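Since every read-out is calculated from the coordinates, none of them should be taken as a lab result. These numbers come from a predicted model, not from an experiment. Ideal geometry is used to build each Cβ from the backbone, glycine not excepted, and the neighbour counts take in all protein chains shown.
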Amino acid sequence: MEITATTTKSYGSAKVGKWDLKYEWESQNGAKPTGVKITGNDGKSGFINCDFSENNKNISFGGAADFDLEVAASIVESVTTINSSFDQQVEKK
């Protein structure tokens, strides 16, 4: 058998204010992920769903949660950090 591709699934988490966030992304053969998915909740009825792909950036708050600029900025910063870590891996090769 020949291995033609290796996919690595990674997970992360963060606490931003009242929000518990979970991050998930996949990398194939060490390449930058094509997207990062983020979910979270505020410990009550509020929830957040995010999808950051190459062409789309979506942050949705639900469950009567108000838009939270602090958590949105943190998500953008975290996704940028995740993506830049793959850029640095490419530079080292």
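General observations
- Integer Hz, Karplus 6.51/-1.76/1.60 couplings in order for the stretch 51-64, x for Gly and Pro: 9, 10, 10, 4, 10, 10, 10, 10, 10, 10, 9, x, x, 6
- Estimated [θ] at 222 nm from DSSP helical runs (n ≥ 4, -39500 (n - 2.57)) normalised by residues in the chain, nearest 500: -9000 deg cm²/dmol
- Residue range of the chain that is longest and free of GluC sites (Glu not before Pro) which are both DSSP loop and sparsely packed (at most 15 other C-beta within 10 Å): 3-53
- Hull volume in cubic angstrom per residue (convex hull over the Cα atoms of the stretch 3-93): 102 Å³
- When the charge dipole of the chain is built from unit charges on Cβ atoms (+1 for Lys and Arg, -1 for Asp and Glu) and taken about the Cα centre, the candidate among Ser13, Ser84, Asn56 whose Cα reaches farthest toward its positive end is Ser13.
- Volume per residue of the convex hull around the Cα atoms, evaluated for the stretch 10-59, comes out as 66 Å³.
- Between 0 and 90°, nearest 10: helix 69-92 axis offset from the chain longest Cα axis: 10 degrees
- Charging the Cβ of each Asp and Glu at -1 and of each Lys and Arg at +1, and nothing else, the dipole of the chain about its Cα centre rounds to 160 debye.
- For Ala65, the residues whose amide H sits under 5 Å from its own are Phe47, ignoring neighbours fewer than 5 places away on the same chain, with H placed 1.01 Å from N.
- Relative packing of 6-16, 38-48, 59-69, which averages over residues the other C-beta atoms within 10 Å, highest first: 38-48, 59-69, 6-16
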